[in-house]
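Visitor: This structure is in structure tokens; I'll ask about it shortly.
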């Protein structure tokens with residue numbers, strides 16, 4: 001059992017590297033979409049393909065370790081993959097916010113969010129709390145990105161694990177594994 005957990009963690013690191021590099025590639029289109037807005041369509045198209053890539057990675061692990069397949073294992077693997085991918089892409093996020101982003105990018109993004117909240121009819125206490133927020137630093141934005149990606153992983157892995165845990169995998173012996 002310990003060997004399967006070790007293999008799960010090692011595989012999550014490798015698959016997280018793969019997904020993180022995919023996210024880094026995808027993030028290039030986000031960065032370029034600041035100057036060339038039509039590239040945001042490529043960014044969002046690649047973003048919507050992430051659950052499919054996650055499913056492929058989970059299914060690959062299921063081929064390596066077909067025993068003890070269940071929803072919990074697939075979900076755990078999915079969350080761990082997102083965690084390690086978030087760590088990989090965080091370097092690119094930091095470089096973007098610190099060195100590449102336009103000078104007022106973070107401030108303008110925060111002001112846009114504040115304007116959106118002002119016009120949305122949200123509770124006055126929420127409006128005041130958002131308006132009193134200080135401008136985040138590049139490292140704070142990077143850490144927030146890691147947290148957000150892990151949180152997305154928790155939720156994206158739910159339907160993906162639900163589907164992947166039901167898929168029957170054939171092994172080399174041509175036996176179906178549950």
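What follows draws every value from the coordinates through simple rules; no lab data is involved. Small disclaimer: the values here were computed from a predicted structure and weren't measured. Because the Cβ atoms are built from the backbone with ideal geometry, glycine has one as well, and the counts that use them run over all protein chains shown.
Visitor: Relative contact order for the range 43-160: what is it in percent, counting Cα pairs under 8 Å that are at least 6 residues apart?
Guide: 47 percent
Visitor: If R₀ is 35 angstrom, what is the calculated FRET efficiency for the pair residue 2 and residue 151, using the beta carbon separation as r and rounding to 0.05?
Guide: The value I calculate is 0.75.
Visitor: Right, something else. Once the principal axes of the Cα atoms of the range 37-98 are found, what is the range along each, listed largest first in whole angstroms?
Guide: Result, largest extent first: 46, 24, 17 Å.
Visitor: Can you give me the distance in nm between label points at residue 132 and residue 33, each placed 7 Å from the Cα along the Cα-to-Cβ direction?
Guide: If labels sit at residue 132 and residue 33, their model points lie 3.4 nm apart.
Visitor: On a 0 to 90 degree scale, rounded to 10, what angle separates helix 50-64 from the longest Cα axis of the chain?
Guide: The angle comes out near 30 degrees.
Visitor: Next up: Calculated FRET efficiency, residue 168 and residue 42, Cβ-Cβ r, R0 41 Å, to nearest 0.05?
Guide: 0.75
Visitor: Enter the Cα centre distance for the pair the range 144-159 and the range 39-118, rounded to the nearest angstrom.
Guide: 7 Å
Visitor: Then there is this: Pick from 98, 166, 73: which residue has the top mean-square fluctuation in a GNM of the chain where Cα pairs under 10 Å get a spring?
Guide: Highest fluctuation of the listed residues: 166.
Visitor: What is the fewest-to-most order of 137, 47 by other Cβ atoms lying within 10 Å of their Cβ?
Guide: Ordered from fewest to most neighbouring Cβ atoms within 10 Å, 137, 47 come out as 137, 47.
Visitor: Any chance you could give the angle, 0 to 90 degrees and rounded to 10, that helix 105-118 forms with the longest Cα principal axis of the chain?
Guide: For helix 105-118, the angle is close to 80 degrees.
Visitor: Another question, if that's okay. Any chance you could list the semi-axes, whole Å, largest first, of the equivalent ellipsoid that the Cα gyration tensor gives for the range 1-142, using √(5λ)?
Guide: The answer is 36, 19, 15 Å, longest axis first.
Visitor: Using Cα atoms only, what is the angle between the long axis of helix 2-32 and the major principal axis of the chain, expressed in degrees (0 to 90) to the nearest 10?
Guide: Rounded to the nearest ten degrees, it is 40.
Visitor: Using Cβ counts within 10 Å as a stand-in for footprinting exposure, how do 116, 158 rank, fewest first?
Guide: 116, 158
Visitor: Moving to a separate point now. On full extension of the chain, what length is gained from residue 9 through residue 115, given 0.36 nm per residue of separation minus the C-alpha to C-alpha distance?
Guide: 33.9 nm
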